[in-house]
1. What do you reckon, is GLY149 assigned to a loop (DSSP other than H, G, I, E, B) and of a type outside the set (S, T, N, Q)?
2. Quick test for you: out of VAL249, VAL259, VAL272, pick the one residue that is farther than 27 Å from ALA393 by Cβ, part of a helix (DSSP H, G or I), touching a residue at least 24 places away in the same chain (Cβ under 8 Å) and of a type in the set (Val, Ile, Thr).
3. If you take just the strands (runs of 3 or more DSSP E) that sit entirely in segment 1-117, which of them hold at least 1 residues that are surrounded by fewer than 20 Cβ atoms within 10 Å (Cβ to Cβ) and of a type in the set (D, E, K, R)?
4. For segment 261-284, enumerate the residues that are under 27 Å from GLY213 (Cα atoms), of a type in the set (A, V, I, L, M, F, W, C) and surrounded by fewer than 20 Cβ atoms within 10 Å (Cβ to Cβ).
5. Go through ARG108, ARG189 for me and flag whichever is closer than 30 Å to ALA215 by Cβ and within 25 Å of the chain's Cα centre (by Cα).
6. Condition (residue is touching an Asp or Glu at 6+ places or on another chain (Cβ under 8 Å) and assigned to a strand (DSSP E or B)) applied to segment 217-238: is it met by at least one residue?
7. Could you list, in sequence order, all residues of segment 367-378 that are part of a loop (DSSP other than H, G, I, E, B) and open to solvent by less than 20 Å² (accessible area, probe 1.4 Å)?
8. Pull up segment 404-435, narrow it to residues that are of a type in the set (Val, Ile, Thr) and at pLDDT below 95, then point me to the one that is nearest to PRO208 (Cα to Cα).
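The values are calculated or read from the model by the stated rules, or taken from the named source; none is laboratory data. Everything numeric here is computed off the predicted structure, so don't read it as measured data. Note that we place each Cβ from the backbone using ideal geometry, even for glycine, and neighbour counts take in every protein chain shown. The area values use the complete protein model at the heavy-atom level, side chains included, leaving out ligands, DNA and RNA. Shrake-Rupley method; radii C 1.70, N 1.55, O 1.52, S 1.80 Å.
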Amino acid sequence: MTTVEVDPGVRLHAGPGGALLVGGQPLRVLRLNPAAARVVARWRDGDTTPVGPAETALAARLHSYGLAVVRPDRSPYAPADVTVVVPAHDRPESLDRCLASLGAGAARVVVVDDGSRDPAAVAAVVATHGAELIVRPVNGGPAAARNTGLAAARTPLVAFVDSDCRLPAGWLAGLLPVLADGTAVVGPRIFGAGGPGPLARFEAGSGPLDLGGTASPVGPGARVGYLPAAVLLCRRDALGAGFDESMRVGEDVDLVWRVAEAGHPVRYEPRVVVEHETRPGFARWFAQRVGYGRSGAALAARHPDRLAPVVISRWSAPALLCLAAGRPVRAAGCTALTAVGLWTRLPAGPGRTAESARLTAAGLGWTLLGLAEAAARPWLPAMLVASTVSRTARRATAVAVAVRLVRTRHGRSPDQHPLAWAALRVADDLAYGTGVWAGALRDREPGPILPRIT
C-alpha cells in the first residue's frame, strides 16, 4: 500500500473555488481545484492512502516538487539486485565493523582495497566476512576505488558504503522502496557514531553529514542540496562514467548533481540512519573540514552558480541596500512594494494577499539569515581579518557567529558542555571557510565566495 506524507511546512489556503498550496524548497505556489484541495486536506488529516489514478498522479506531482513524500510499501527490486561496493584504505578495524553491519541481505559485497599500506590486514578482514576483494596497487582516492567496484558490478543496483560506516539492520529494505518511482540515487541520514571525547560528542549532534530529518528531493536549490557518498544506493544505468576520479574531495556532490541535472530523481530518506565514525584527533578532524571547503572551487568550476555562499533575490535587494544604508523606513517601503509586485504574480485564490506579505517578509528574513550564515562560515576567515582593523567588521562577525550558534544548536542534543560545543562549532566553520578560500585562491575560482543575485 502506498502512503502520502504531506510536508508539515506546506500551507493550504482552501476556499469554495479551490485552494493555494504553498511550500517546498525551492518554493512552489500551486493552485488546486476543489477536488484536489479536498484530497490534500484529507492526506494532511491522516488518511494518507491515494485512491485511484487521479490521486496517484497528484501524489506523484507533489512528491516531485518536494511538497509531499510518497512511500511505496514494496520495491520492484530485491536485495539480490544490489552489489555493495566498499572502498577501503587500511583501517581494518573500521572495515571489520562495517562488513559486520552489512548483514546477509545483499547478494554480493565487493571490497576495493585502494592501495593500502597493509593489504594483508585488509584481506584478512574481507575473508572473515566472505566478501570479494579487488586490490588496486596504487591509491587513487575514493572516487577511483568506487569506480573500480562499479565496473565490477553486474546488478541493476549498486550501493556504495564507506568502510567507516555502520549500517542498521534492514537498511537495504528501508532504501529499496524509494527507487520504485524511478529514483536514480537515494541516501540515508548520517549520524556521527558518538562515543567518548568532545569530537565524537560534537559529531553525534552536529556532524556535517547529517542533512536533517525531513525526506526530500535532492539537488541544487532544494532543501537537501547534495548527498554524501558515505552510503548511497544507486541505479547503475543512471551513473554514467561514475565518479570524477580527478576529485579527491567533493566527488560525491559532483556525481549527485550530474545525475540530478540529467533529469534523474535523487532522494534523501532519513528514516534509515547510518553511523559514521569520527576522525581521531583534532588535527585530522580539522584537516578533513578544510578539505570539505577546498572542494568548493572544483565544484564551482564544474557547476557554475551552484556554490554561491548566499543567494540574494532581486526582490529583496532594494530593501537590503536601504537597511545597509541605515534607512529602515525606506526599507519598509521597498518591502511593501515588493509584496504588491509579488501579489500580481501569485495565482488568484484564497490566501493570495496573506501569502504575498508572508513570502516577502520571509524572503527578506531568509536572505538576512543567509548573509549571517555566510559571514560565520565560508566568509569567516576574511571577516576575522577585517575585524583586526574595523569595529564594524568585529560587530558584524560577532552577530553572525552568534546567529550561527543559535541556529545550529536548535533541535540538537549534543551530550557536552555548551561552551565546548560552541568552540568546536566555530572551529568547524573556520576550518571549512579556510578551505573555501584556499581552494578559491588556488584555482582562481570565485564561485564559492561570491553571492549570487537571482
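1. no
2. Details: VAL249 fails: part of a helix (DSSP H, G or I); VAL272 fails: part of a helix (DSSP H, G or I).
Sole residue among the options that is farther than 27 Å from ALA393 by Cβ, part of a helix (DSSP H, G or I), touching a residue at least 24 places away in the same chain (Cβ under 8 Å) and of a type in the set (Val, Ile, Thr): VAL259.
3. Numbers: elements: 3-6, 11-15, 18-23, 28-32, 68-71, 82-88, 108-114.
Here the list reads 3-6, 11-15, 28-32, 68-71, 108-114.
4. Here is the first cut: in segment 261-284, the residues under 27 Å from GLY213 (Cα atoms) are 261-280.
Okay, now just the ones that are also of a type in the set (A, V, I, L, M, F, W, C), so 262, 266, 272-274.
Listed by number, the residues that qualify are ALA262, VAL273.
5. Working: ARG108 fails: within 25 Å of the chain's Cα centre (by Cα).
The match here is ARG189.
6. Scanning segment 217-238 turns up at least one residue that is touching an Asp or Glu at 6+ places or on another chain (Cβ under 8 Å) and assigned to a strand (DSSP E or B).
7. From segment 367-378, those part of a loop (DSSP other than H, G, I, E, B) are 377-378; that's our starting set.
Matches in segment 367-378: PRO378 only.
8. Filtering first and then ranking leaves THR408.
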